[in-house]
Every structure is written in structure tokens, then in C-alpha cells.
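Worksheet: one structure, shown below.
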Amino acid sequence: MLPDSVGARHTWGRNMLKDRKMELSIALNRYDRHIPFFNQTIAPPDGFELKAYEVGESLPFRDGADRHDRILFGEEYDIGEMGLSGWIMAVSRNPDLPFVGLPIFPRRFFSFGQIYTNPNSGIEKPGDLTGKKIGLHAWQTTLSVLAKGDLKIEYGFDWRQSEWVCMREEPIPVNFDDDMSVTVMPENKDIGMMLMEGEIDALMSPQPRRSMLAEPRKYRRLFPADGRADASYFHKYGYYPIMHLMVMRRELAEKYPELPHQILKLFRDAYELAQSFYDDSNYSLLVWARNALEQQKEALGTNPWTDGLAANKKNLDQFINYSHDQRLIETVFNCEKLFHESVLDT
């Protein structure tokens, strides 16, 4: 039984009366492709109602933060957005988790655009990162794993020779080997300030820290912000790298075997609606948002946000290899293990 603070808004186990619909709670980030969940412009599966919670991960939103921990450890929601790296680690350690994966991938990043350096660090090219002191959110954070892995296969970066400083303890415990230097920054420090003041040489982060945004001349990107490195990566490997996936309660997937496919369709419908938002050229705060969308289609095709297992198998297998190389999982396994058996045909 969930605590009262959660159970008061969590009714899937109680709404079993024939004349009532079952309510499903879903925890999401506030992306444009999730707006249809929040304003209820997509129809849930017959017999169900959806209650969407706007839950951030590192930043608090309307319904709080720490989404991944609240799903994986607190079992707080029926359906939720989860980090890929943490999910791979969790499944590798316990294949019978109370949640199952769905091949829906609401967050993606190219890693090269998320690497920042101190202008006085002597880092001019990717190979210069070797031996440097580099900041991360955590060793296992999905962007951190992706960036280390991409730099290794593309530029021969040896992450074992660098010194790593993390913003926080590892959510899922990691046994670091003797050839790895990984520490947690002091509680009174800000990782952005550490970069700008030269306490670390580089930072791998899904976005600049707020302290950095206030002083943009004190840091720079390792790769130009024009996206050429990202587009080159896309055309070489054929995918826009996955950051997050959706998970749902195992009990629900087994009790309602059609539900995983119905949830997949919901996200497809939401994506199509979000695409249509940009038919209004003034929809976004970005003045040239429509132009940027058209340029994106030229560079990456009509839909880099593919769902389903088959279209994403290469991406997932590569990330599992990265996780093994970086000592996060003991053995490499097939990516099918990450998902409920009912969606392996997608």
C-alpha cells in the first residue's frame, strides 16, 4: 500500500467498480510532445482515465522532482518517464522489477553538443579531454554514459585516464575499480562555478548550469553549436540517441495485455499533435521555430523521434555496450530484456 500522500492521488488499485473508469497516473516532463497529456487532448484507452503529473528529474516542476527515483524506488506512478542508463542497470540486477519497459523514447540528446570547457583548460579538440578533470551529474547519468562512450568510439578518448567529479552520489550503487578516479563534489559547491573558475576543466551536462548562463563568456562548447557534428553522427549511426524511455507497472501490463500497445499509440498520437503545433509559425517563444523545424527535417529526416523496438535496437545495443565498458553492468545482454514481452514486435 502506498503512503497516504501518494495513495490519495493514486487510484489504480481501487477503481474497480464496473461503472467507473480505472485511473492511471503518469509522470512526465513538460516537453511540447507531452502537452496533449496535460491538456487532455488525446483519448485514453477505453475503460481508463489518465492523470498526468508534471514531474522533473533534476529540476522541480509543478509536481516536484526526482522523477526517476520516485518511479524506480518509490513505485509512485503507474506509468512514468525513466532514464535509460538507470533502467539498464536496474534490469541487469533484477529482471523481475515491478515495472516493465515500453519502447517509447520521449527524451533524446546528441552528446557532443552537451560538453562544455573552461577556455583556459587547454582543451581545443576531443582528444584533449584525456587526463583532464571533468564534471558530471553522476557517473551513471544517461548523458554522462553516452558522452564518454561516443568520445571513445569517435575520438579514442580514454575515460580511465581522466579525473571525474560528480554532482551527486550514484542513485544505483556502483563499485568503482582502482583504475577509476570518481569523486563527489563538496555540498557547498556549484559545478558550473567550478568549471568557470578552473576547478574542473570540462563538464558533460544536459544543459548549462544556471550559474553558467549568467556568465557565458567564462565557458565554451567543445563542439560548435551549429549542429554539424550532431548531424554527422546521425548520418553515420542512423539514430538520434535515446535518453529516456517509458515504463509501466508489470501488474498492469499482465492484467491488461493490450494496454502496453495502447500506451504506445497514445504517445504516437501526442507526437502528431505536437507536430501540428508548429503549423502556427508563432506558436513558440523561438522567433524562427518553424524555420528551425524545417531545417531539422532537411538534416535529420521527417521523424528522428522513432518509437518501437526494431527502429531503436541499434541505438539500445550500443548504449548497453557503453554501460558494460564503463563498469555499470557486469555483462552485455540483448536490448529485448529491457521491455515487456508484449511489445517486442514493435
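The values are calculated or read from the model by the stated rules, or taken from the named source; none is laboratory data. None of the values given here were measured: they were computed from a predicted structure. Glycine also receives a Cβ, built like all others from the backbone with ideal geometry; neighbour counts cover every protein chain displayed. The protein model used for the area step is the full one, side chains on, heavy atoms only, and it has no ligands, DNA or RNA in it. Shrake-Rupley method; radii C 1.70, N 1.55, O 1.52, S 1.80 Å.
Report the label-to-label distance for residue 58 and residue 341 in nanometres (one decimal), using points 7 Å from each Cα along the Cα→Cβ vector.
Output for this residue pair reads 3.9 nm.
What residues qualify as long-range amide H neighbours of residue 76, i.e. H under 5 Å apart, gap of 5 or more or another chain, H built at 1.01 Å from N?
So residue 76 has HN proximity to 71.
5 Å is the cut-off here: which amide hydrogens, built 1.01 Å from N in the peptide plane, fall below it relative to residue 65, excluding neighbours closer than 5 in sequence?
Under 5 Å from the amide H of residue 65 lie the amide H atoms of 56, each far enough along the sequence or on another chain.
Which far-off residues, 5 or more places away or on another chain, put their amide H under 5 Å from the one on residue 23, with H placed in the peptide plane?
The answer is 15, 49.
Tell me, rounded to the nearest percent, the portion of alpha carbon pairs in region 169-224 spaced more than 16 Å apart.
52 percent
Rounded to whole Å and ordered largest first, report the semi-axes of the equivalent ellipsoid of region 188-346 derived from its Cα gyration tensor (root of 5λ).
Numbers: eigenvalues 210, 124, 57 Å².
Rounded to whole Å, the semi-axes are 32, 25, 17.
Using only alpha carbon pairs under 8 Å that are at least six residues apart, calculate the relative contact order of region 229-346 and give it in whole percent.
In percent, rounded to a whole number, it is 29.
Taking Rh as the Kirkwood radius computed over C-alpha pairs, what is the Stokes-Einstein D of region 146-194 at 25 °C in a medium of viscosity 0.890 mPa s, expressed in µm² per second?
In µm²/s, the coefficient rounds to 196.
Apply the Karplus curve 6.51 cos²θ - 1.76 cosθ + 1.60, θ = phi - 60°, to the phi angles in region 278-289 and return the couplings in whole Hz, x for Gly and Pro.
Listing the rounded values in order: 7, 5, 8, 5, 10, 4, 9, 4, 6, 4, 10, 4 Hz.
What's the ranking of 284-293, 215-224 by average number of surrounding C-beta atoms within 10 Å, highest first?
Packing order, densest peptide first, comes out as 215-224, 284-293.
Work out the charge dipole of the chain with +1 on the Cβ of Lys and Arg and -1 on the Cβ of Asp and Glu about the Cα centre, then indicate which of 285, 103, 151 is farthest towards its positive end.
The residue sitting most towards the positive pole is 285.
Of the cross-linked pairs 314/337; 125/313; 152/189; 132/314; 21/51; 148/189, which ones have a Cα-Cα span greater than 21 Å in the structure shown?
125/313; 152/189; 132/314; 148/189
Relative to the present Cα-Cα distance, how much length would full extension add between residue 279 and residue 310 at 0.36 nm per residue of separation?
Result for the pair: 8.2 nm of gain on full extension.
Mind listing the phi-derived Karplus ³J(HN,Hα) values for region 168-182, rounded to whole Hz, using 6.51, -1.76 and 1.60 with θ = phi - 60°, and x for any glycine or proline?
8, 5, 6, x, 9, x, 10, 8, 6, 7, 5, 8, 10, 10, 10
Per residue, how much accessible area does the chain show when a 1.4 Å probe rolls over the protein heavy atoms, in square angstrom?
48 Å²
First measure r as the distance between the Cβ atoms of residue 295 and residue 96, then evaluate 1/(1 + (r/R0)^6) with R0 = 51 Å and state the FRET efficiency to the nearest 0.05.
0.65
Using θ = phi - 60° and the Karplus relation 6.51 cos²θ - 1.76 cosθ + 1.60, list the HN-Hα couplings for region 259-264 in order, rounded to whole Hz, with x at every Gly or Pro.
5, x, 5, 5, 5, 4
Taking the Cα centre of the chain as origin and charging only Cβ (+1 Lys, Arg; -1 Asp, Glu), how large is the dipole, in debye to the nearest 20?
Charge dipole, the chain, about its Cα centre: 480 debye, nearest 20.
Using only the alpha-carbon atoms of the chain, report the extent along each of the three principal axes, biggest first, to the nearest angstrom.
68, 49, 38
Given a cut-off of under 8 Å on Cα pairs at least six residues apart, what relative contact order in percent is computed for the chain?
23 percent
Consider just the alpha-carbon atoms of region 145-267 and return their Rg together with their Dmax, both in angstrom.
Rg then Dmax for region 145-267, in Å: 19.3, 55.
So, by mean Cβ neighbours within 10 angstrom, what's the order for 231-242, 39-50 with the highest one leading?
Descending packing order for the listed peptides: 231-242, 39-50.
Quick one: check the C-alpha center-to-center distance for region 139-195 versus region 318-346, whole angstrom.
Going from one Cα centre to the other spans 21 Å.
With a 1.4 Å probe and all protein chains left in place, how much of the accessible area of region 285-346 comes from carbon and sulfur atoms, in whole percent?
So the carbon and sulfur contribution to the accessible surface is 52 percent.
To one decimal place, what Kirkwood hydrodynamic radius in Å is obtained for region 233-283 from all pairs of distinct Cα atoms?
With all distinct Cα pairs of region 233-283 included, I get 13.9 Å.
Tell me the mean residue ellipticity at 222 nm calculated for the chain from its helices only (DSSP H runs of n ≥ 4, each -39500 (n - 2.57), averaged over every residue, nearest 500).
Taken over the chain, the calculation gives -9000 deg cm²/dmol.
Can you pull the Rg over Rh of region 82-229, Cα-only, Kirkwood?
0.97
Taking the alpha-carbon centroid of each part, what is the distance from region 219-245 to region 73-128 in angstrom?
15 Å
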